[in-house]
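Chemist: Questions regarding the structure given below will be posed in turn.
The values are calculated or read from the model by the stated rules, or taken from the named source; none is laboratory data. All of these numbers come straight from a predicted model, not from anything done at the bench. In this analysis, Cβ positions are derived from the backbone assuming ideal geometry, glycine residues included, and neighbour counts consider all displayed protein chains.
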Amino acid sequence: MKAVFGGLGVPTLMIGAFWAATLITAPFVGISVQTLLSDTIRRAGMNGVLVLAMVPAIQSGTGPNFALPLGIVCGLFALVCSIELNLTGISWLFGSILFSIPLAAAAGYVYGKLLNAVKGSEMVIATYTGFSVTALMSLAWFAVPFKNPKMGWFIGRGLRETIQLDVVGGAQILNNFLMFKVGDVIIPTGMLLVFCFLSALVSLFFRSKTGIAISAGGINPRFARAAGLDVDRNRIWANILSNILGAIGIIIYSQSFGYAQLYSAPLMMAFSAVAAVLIGGATASRANVLNVVIGVILFQGLLTTALPVANEIFKGTDLSEIMRVIVQYGIILYALTQVKRED
Amino acid sequence: MTFSLKGITSWALEYIVTIIFVLFVLFGFLVSRDISMNFFLNELNGRIFRNTFLVLSLIIPVMAGLGLNFGIVIGAMSGQAAIAIARYHELGGVSGMLFCFVVSFFFAALCGYFTGKLYNRTRGQEMIAGLIVGYFANGIYQFLFLFAVGGIIKVPATHPMIIPSGVGIRMTVDLVPAERGGLKYVLDNIYQVPFVYALLAISLAVLATLIIGYCVNRRRGQGYKNRPMSFGFNVLMCVTAAGIAVHAIAAKSNLMKLRPVPVVTGLLIIALCVFTELIMKTKLGQDFRAVGQNRHVAEVSGIDVDRTRIIATMISTVLAAWGQLIFLQNMGTLSTYSAHTQIGLFSVAALLVGGASASRASIKNAVFGAILFNAMFIMSPEIGQSLFGQAVLGEYFRTFLAYGVIGVALGLHVWKANNRN
């Protein structure tokens, strides 16, 4: 028993039990479990890469990447650039990902430098970096001189708040690749493959020499420095990686969602990603790919099942949204109280 | 006094945020020709009395070394809970407002106690903890207001505050003018004086305090405490303000047409300034300072650090609750699910704009910051309108400024602290 559950913390088990309870309740209130499972898988794949972006940042010792919106706006900018260049379908997808990587790497480099200057308060400064960048990009979305009518308003200037991706043949393009059904459960193979591929990549990276050096710097920076590692440089590398994953993550998210959301949409996205990895058993200073997989399935599973079930039991209220807020921020608070103090 | 390039650079770095804001507002006046001084002062006049109390509520936690208390949103929610109870039972007028002050005191003290406990468990990360606990508390607040009211506590569905389905409180609750037994403008309307008279009175009062302080210091042989440069500057500012007021009264200029000043609200703000100043002179205030400067030294000298920090958080939360009451009676409606959400952001940004940092804040910072931040808020859409023909651009820009100010000020603060070590 302990061998199975030993690695999982109390919060993980609690959320898991709660999710199982809602799943069991579902058929009794007339909701199909298969639909719920389909939705869970889709939403887990959709958010997976964004949650994966937490791993390098946490491992390097800068804490969860609360500045995820920085990576997100890089990804969104690459995405609208691809539309502006009239790319469609698979070339739009690859174009977006390709453009986003150098952009996110450059932003991640500057951000990593910033984090090295503010050691000890990374989390709050990261949060406000994310907020500021989102607000700054609202100006940019409004001011960019893009001409493609697929993104602009009919009158006035600026990009639309939500851009439909089916007009560029981008909606669910990954989900539909090799998609199949088990009973009524839909498996969005393409998206899951990309998620698994990136997870494997991150997992392998942390077995490489650089990856181990990053982890060592995160566990004990003084010891790592004494061993001759350049901790500051490693922190920058980790945050570049995290930022790139955030950028790719939002492209995968948007294609599955069918819309790209600009302006204030990225503002609070970091918190749900942070909550997911923490639910998976990570702490503010240790995380691995397994935490991401478990966390994203449990958290998204809970949200997708609890929504219709709660609405069925308590008709006319928005209890599930309230529950999301409480669970999401509750788990982050719990993790904050567990942060080891250096003094 | 010597002026060196290095001295000026470090001074500019210290007050970079303030300088940017002053330049921004001046720039606004330069580019937007159709904004009149009267419009600007009128807007500013209305906004300052609404916000300053909230900004002042942030000072004590900064002194106690807790940093910027983003958790004041919890205080704001406590205030709103009190208002909701008062409106539900149709309490109004000054006595209704007093009821709100008392009830929110207990709510906020309780919430502040738990927030303080949390801060003690997240030492060194209080600011991010404060931000997150605000979001978390918002979830509980929504649970109480959207579900528990009607879902658990039975209320009549016909009550004007309740959603027609019988569960939850409406998105907006009208506070009803004070004359009809409500809470709208209940404090503001008790007694009002024309703007210029208030300006004259305040500038003369400040002038008197300055001069008395200067003389007392000399009499006690503490003349070294006096800084002739800043004293001269302050006196000059007061005399100018008084002069403008006298001129406006004598010439019956446009300034006479400004919206009157709510005296009671103003007195409450002044009372809080005095309270903050006095509490720092008590044993408790000295403990705040000691804990804020060095926790270990404070611990060794026999101060109960954890308890002191909890008290500081409780005071701040209670003051924020009262600040939100003042804010809401001035707004006239309670936006049940959104009125509190931006309070933390705007109050903290205002305090930082006034020249405070995460470890140093004064009444001057809070009052000056509230004025300057509101000035920016008024000017921003005007600048967007006159430069780009788009007011919305200015609105995006001011949101960016609010977030950016906090990011830059906190970043610089930590960077400087890290360099010192």
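Chemist: Kindly state which helices (runs of 4 or more DSSP H) lie completely within segment A:1-97 and contain at least 1 residues that are buried (at least 20 other Cβ atoms within 10 Å of the Cβ) and charged (D, E, K, R). Spell out the reasoning first.
Modeler: On the way: elements: A:2-5, A:10-25, A:33-52, A:54-60, A:68-84.
In segment A:1-97, A:33-52 are the helices (runs of 4 or more DSSP H) which contain 1 or more residues that are buried (at least 20 other Cβ atoms within 10 Å of the Cβ) and charged (D, E, K, R).
Chemist: Determine, yes or no, whether B:PHE377 is at pLDDT 85 or above and within 9 Å of chain A (Cβ to nearest Cβ). Before the answer, list the steps.
Modeler: On the way: at pLDDT 85 or above: yes; within 9 Å of chain A (Cβ to nearest Cβ): no.
No; evaluated as a whole, the condition is false for this residue.
Chemist: If you don't mind, another one. Could you tell me which residue of segment A:151-181 is nearest to A:TYR263 (Cα to Cα), considering only residues that are among the aliphatic types (A, V, I, L, M) and touching a Phe, Trp or Tyr at 6+ places or on another chain (Cβ under 7 Å)? Working first, answer last.
Modeler: The first filter runs over segment A:151-181 and keeps only residues among the aliphatic types (A, V, I, L, M), leaving A:151, A:155, A:159, A:163, A:165, A:167-168, A:171, A:173-174, A:178-179.
If we keep only those that are touching a Phe, Trp or Tyr at 6+ places or on another chain (Cβ under 7 Å) as well, we get A:159, A:163, A:165, A:168.
On the way: A:LEU159: 9, A:ILE163: 11, A:LEU165: 16, A:VAL168: 20 Å.
Only one residue fits best here, namely A:LEU159.
Chemist: Of everything in segment B:382-397 that's buried (at least 21 other Cβ atoms within 10 Å of the Cβ) and more than 8 Å from chain A (Cβ to nearest Cβ), which residue is farthest from B:ILE35 (Cα to Cα)?
Modeler: Across segment B:382-397, the extreme among qualifying residues is B:GLY394.
Chemist: What's the total number of residues in segment A:288-322 that are within 26 Å of B:TYR337 (Cα to Cα) and at pLDDT 85 or above?
Modeler: Residues of segment A:288-322 within 26 Å of B:TYR337 (Cα to Cα): A:299-300, A:302-322.
Now narrow it down to the ones that are at pLDDT 85 or above: A:299-300, A:302-305, A:322.
Result for segment A:288-322: 7.
Chemist: A follow-up question, please. Determine which single condition B:VAL348 fails, assuming it passes every other condition in (1) surrounded by fewer than 20 Cβ atoms within 10 Å (Cβ to Cβ); (2) within 12 Å of chain A (Cβ to nearest Cβ).
Modeler: Failed condition: (1).
Chemist: From the set of residues in segment B:259-284 that are within 15 Å of B:SER316 (Cα to Cα) and touching a residue at least 40 places away in the same chain (Cβ under 8 Å), which is surrounded by the fewest Cβ atoms within 10 Å (Cβ to Cβ)?
Modeler: Result: B:GLU277.
Chemist: Still on this model: Tell me which of these B:GLY65 doesn't satisfy, since it passes every other one: (1) within 14 Å of another protein chain (Cβ to nearest Cβ); (2) surrounded by 24 or more Cβ atoms within 10 Å (Cβ to Cβ).
Modeler: Here B:GLY65 meets the rest and fails (2).
Every residue, every condition in (1) in a loop (DSSP other than H, G, I, E, B); (2) touching a Phe, Trp or Tyr at 6+ places or on another chain (Cβ under 7 Å); (3) buried (at least 20 other Cβ atoms within 10 Å of the Cβ); (4) at pLDDT 95 or above, yes or no:
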| position | (1), (2), (3), (4) |
| --- | --- |
| A:ASN116 | no, no, no, no |
| A:MET123 | no, yes, yes, no |
| A:PHE146 | yes, no, no, no |
| A:PRO149 | yes, no, no, no |
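Chemist: Assess whether B:GLY124 counts as being touching a helix residue (DSSP H, G or I) at 6+ places or on another chain (Cβ under 9 Å) and not hydrophobic (A, V, I, L, M, F, W, C).
Modeler: Details: touching a helix residue (DSSP H, G or I) at 6+ places or on another chain (Cβ under 9 Å): no; not hydrophobic (A, V, I, L, M, F, W, C): yes.
When the stated conditions are applied, B:GLY124 does not pass them.
Chemist: It is to be established whether one or more residues within segment B:205-219 are crowded, with 20+ Cβ neighbours inside 10 Å and either at pLDDT 85 or above or out of contact with any Asp or Glu (no Cβ under 8 Å at 6 or more places or on another chain) (or both).
Modeler: Within segment B:205-219 (the criterion being crowded, with 20+ Cβ neighbours inside 10 Å and either at pLDDT 85 or above or out of contact with any Asp or Glu (no Cβ under 8 Å at 6 or more places or on another chain) (or both)), the answer is no, since none of the residues qualifies.
Chemist: Identify all residues within segment B:220-244 that are modelled with pLDDT of 85 or more and at positive phi; write none if there are none.
Modeler: Answer for segment B:220-244, where residues must be modelled with pLDDT of 85 or more and at positive phi: there is none.
Chemist: Sticking with this one: So for segment B:193-201 (the condition being outside any loop (DSSP other than H, G, I, E, B), away from chain A (no Cβ under 14 Å) and without any contact (Cβ under 8 Å) to a residue 12 or more places away in the chain), does at least one residue qualify?
Modeler: Taking segment B:193-201 and keeping what is outside any loop (DSSP other than H, G, I, E, B), we get B:193, B:195-201.
Still in the list and also away from chain A (no Cβ under 14 Å): B:193, B:195-201.
In the following step, the residues that additionally are without any contact (Cβ under 8 Å) to a residue 12 or more places away in the chain were identified as B:201.
Yes; the residues of segment B:193-201 include at least one that is outside any loop (DSSP other than H, G, I, E, B), away from chain A (no Cβ under 14 Å) and without any contact (Cβ under 8 Å) to a residue 12 or more places away in the chain.
Chemist: Identify all residues within segment B:387-421 that are assigned to a helix (DSSP H, G or I) and on the phi > 0 side of the Ramachandran plot; write none if there are none.
Modeler: Looking only at segment B:387-421, we keep the residues that are assigned to a helix (DSSP H, G or I), and these are B:387-388, B:391-420.
Selection gives nothing.
Chemist: Within segment B:220-240, can one find any residue that is farther than 23 Å from B:ALA366 by Cβ, part of a helix (DSSP H, G or I) and of a type in the set (Ser, Thr, Tyr)?
Modeler: Checked segment B:220-240: at least one residue is farther than 23 Å from B:ALA366 by Cβ, part of a helix (DSSP H, G or I) and of a type in the set (Ser, Thr, Tyr).
Chemist: Determine if segment B:317-339 includes at least one residue that is in contact with a helix residue (DSSP H, G or I) (Cβ under 7 Å, 6 or more places away or on another chain), over 30 Å from B:GLN192 (Cα atoms), assigned to a loop (DSSP other than H, G, I, E, B) and not hydroxyl-bearing (Ser, Thr, Tyr).
Modeler: no
Chemist: Would you tally the residues in segment A:289-314 being assigned to a loop (DSSP other than H, G, I, E, B) and closer than 20 Å to A:ILE332 by Cβ? It would help to see each step written out before you state the result.
Modeler: Initial filter on segment A:289-314 (assigned to a loop (DSSP other than H, G, I, E, B)): A:314.
Now drop any that are not closer than 20 Å to A:ILE332 by Cβ, which leaves none.
Total satisfying the criteria: 0.
Quick grid of which residues meet (1) part of a strand (DSSP E or B); (2) more than 14 Å from chain A (Cβ to nearest Cβ); (3) within 15 Å of B:TYR88 (Cα to Cα); (4) within 34 Å of the chain's Cα centre (by Cα):
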position: B:GLY139; (1), (2), (3), (4): no, no, no, yes
position: B:PHE143; (1), (2), (3), (4): no, no, no, yes
position: B:LEU146; (1), (2), (3), (4): no, no, yes, yes
position: B:VAL149; (1), (2), (3), (4): no, no, yes, yes
position: B:THR158; (1), (2), (3), (4): no, yes, yes, no
position: B:VAL167; (1), (2), (3), (4): no, no, yes, yes
position: B:VAL173; (1), (2), (3), (4): yes, yes, yes, yes
position: B:GLU179; (1), (2), (3), (4): no, yes, no, yes
position: B:GLY182; (1), (2), (3), (4): no, yes, yes, yes
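Chemist: Kindly evaluate B:THR158 against the criterion of being under 27 Å from A:ILE313 (Cα atoms), among the β-branched types (Val, Ile, Thr) and touching a residue at least 60 places away in the same chain (Cβ under 8 Å).
Modeler: On the way: under 27 Å from A:ILE313 (Cα atoms): yes; among the β-branched types (Val, Ile, Thr): yes; touching a residue at least 60 places away in the same chain (Cβ under 8 Å): no.
No: the conditions fail for B:THR158.
Chemist: Let me ask something additional. Can we say A:ILE322 is out of contact with any strand residue (DSSP E or B) (no Cβ under 7 Å at 6 or more places or on another chain), among the β-branched types (Val, Ile, Thr), in a helix (DSSP H, G or I) and away from chain B (no Cβ under 14 Å)?
Modeler: Details: out of contact with any strand residue (DSSP E or B) (no Cβ under 7 Å at 6 or more places or on another chain): yes; among the β-branched types (Val, Ile, Thr): yes; in a helix (DSSP H, G or I): yes; away from chain B (no Cβ under 14 Å): no.
No: the conditions fail for A:ILE322.
Residues are listed down the side, and each one gets a yes or a no for (1) within 19 Å of the chain's Cα centre (by Cα); (2) within 11 Å of chain A (Cβ to nearest Cβ):
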{"residue": "B:PHE101", "(1), (2)": "yes, no"}
{"residue": "B:PHE105", "(1), (2)": "yes, no"}
{"residue": "B:CYS111", "(1), (2)": "no, no"}
{"residue": "B:THR122", "(1), (2)": "no, yes"}
{"residue": "B:LEU131", "(1), (2)": "yes, yes"}
